[in-house]
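Presented below is the structure to which this report refers.
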Amino acid sequence: MQVAIVKYNAGNVRSVVNALQRVGISPCVTDSPEELRAADRVIFPGQGEARSTMEYLKAHGLDNVIKSLRQPVLGICIGQQLLCRSSEEGGGTVCLGIFDADVKLFKPERHDDKVPAIGWNAIRDLKSPLFNGIKDADFVYFVHSYYVPVCGETIATTHHITTYSAALHKDNFYATQFHPEKSGDIGETILKNFLSI
């Protein structure tokens, strides 16, 4: 199976490569439209800032390439957020518009509400083959200051300050706000499930 990881100006790509290698996949990291379209699976991961990342994607034609993909695609962290309609980050950023949702900034309500959300949190309301073998309230690893509200495309939720989307699905696009590549055995199972969809 050929798995392509979208190459762009984002951090955290190396840990995704390592996680895939642990499950027997040697992915290619590429910004080639031909390689992305030819891959059996595409992963759109990363840590970064929405506005500068969207500017980079547009400058390199990757925005239209990602939207045109027909094989299973998995967005991770900012990869999930950029697949949404817009983000409050960067003063309001127009994103790729795959998911019918707008990304919001966490607004602390109490002194102990921390932003960014960093650490392990439970996922619930699991509604997808992406979570085969995963139990309600299993823990995965998050690092983020922005979130996707619960919407019609939500396939898992979690709670930090508010209840929000831990994962989304529409057509061939899947996405997680958490980092499966940093989530131990649970994350490895989720990656395997994605590869088998």
key: Matching residues, region 144-185, being open to solvent by 40 Å² or more (accessible area, probe 1.4 Å) and among the aliphatic types (A, V, I, L, M)   = Val150
remark   = Subset of region 112-138, residues surrounded by 15 or more Cβ atoms within 10 Å (Cβ to Cβ) and part of a helix (DSSP H, G or I), comes to Leu130, Phe131
query = Among the residues of region 56-67 satisfying the criterion of being in contact with a Phe, Trp or Tyr (Cβ under 8 Å, 6 or more places away or on another chain) and open to solvent by 10 Å² or more (accessible area, probe 1.4 Å), which is nearest to Asp100 (Cα to Cα)?
reply = Tyr56
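Got a number for residues in region 35-50 being outside any helix (DSSP H, G or I), acidic (Asp, Glu) and farther than 16 Å from Leu83 by Cα? First the steps, then the outcome.
As a first pass, look at region 35-50 and keep what is outside any helix (DSSP H, G or I): 39-49.
Still in the list and also acidic (Asp, Glu): 40, 49.
Filter once more, so that each one left must be farther than 16 Å from Leu83 by Cα: 40.
Total satisfying the criteria: 1.
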request  = Kindly check whether there is at least one residue in region 20-34 that is assigned to a helix (DSSP H, G or I), open to solvent by 70 Å² or more (accessible area, probe 1.4 Å) and not basic (Lys, Arg).
outcome  = yes
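Does region 103-118 contain at least one residue that is under 30 Å from Arg22 (Cα atoms) and acidic (Asp, Glu)? Lay out the reasoning, then the answer.
Within region 103-118, the first condition is being under 30 Å from Arg22 (Cα atoms), and the residues that meet it are 116-118.
Within this subset, residues satisfying the condition of being acidic (Asp, Glu) are none.
Within region 103-118, not a single residue is under 30 Å from Arg22 (Cα atoms) and acidic (Asp, Glu).
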Residue among Leu83, Leu126, Leu130, Leu62 that is under 23 Å from Val16 (Cβ atoms) and touching a helix residue (DSSP H, G or I) at 6+ places or on another chain (Cβ under 7 Å) = Leu130
remark   = The condition from (1) modelled with pLDDT under 95; (2) open to solvent by 20 Å² or more (accessible area, probe 1.4 Å); (3) part of a helix (DSSP H, G or I) that Thr53 misses is numbered (2)
inquiry  = Any residue in region 73-102 that is free of Cβ contacts under 8 Å to residues at least 24 places away in the same chain sitting within a Cβ distance under 9 Å of a residue that is among the acidic types (Asp, Glu) and part of a strand (DSSP E or B)? List the pairs, counting only those 6 or more apart or interchain.
reply    = Arg85/Asp102; Ser86/Asp102
task = Could you please give the count of residues in region 68-111 that are among the small types (Gly, Ala, Ser), buried (at least 18 other Cβ atoms within 10 Å of the Cβ) and assigned to a helix (DSSP H, G or I)?
result = 1
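The values are calculated or read from the model by the stated rules, or taken from the named source; none is laboratory data. For clarity, every value in this text was computed on a predicted model and none was experimentally measured. For neighbour counting, all protein chains shown are included, and Cβ atoms are generated from backbone atoms with ideal geometry for every residue, glycine included. Side chains included, ligands, DNA and RNA excluded: accessible areas come from the protein's heavy atoms. Shrake-Rupley method; radii C 1.70, N 1.55, O 1.52, S 1.80 Å.
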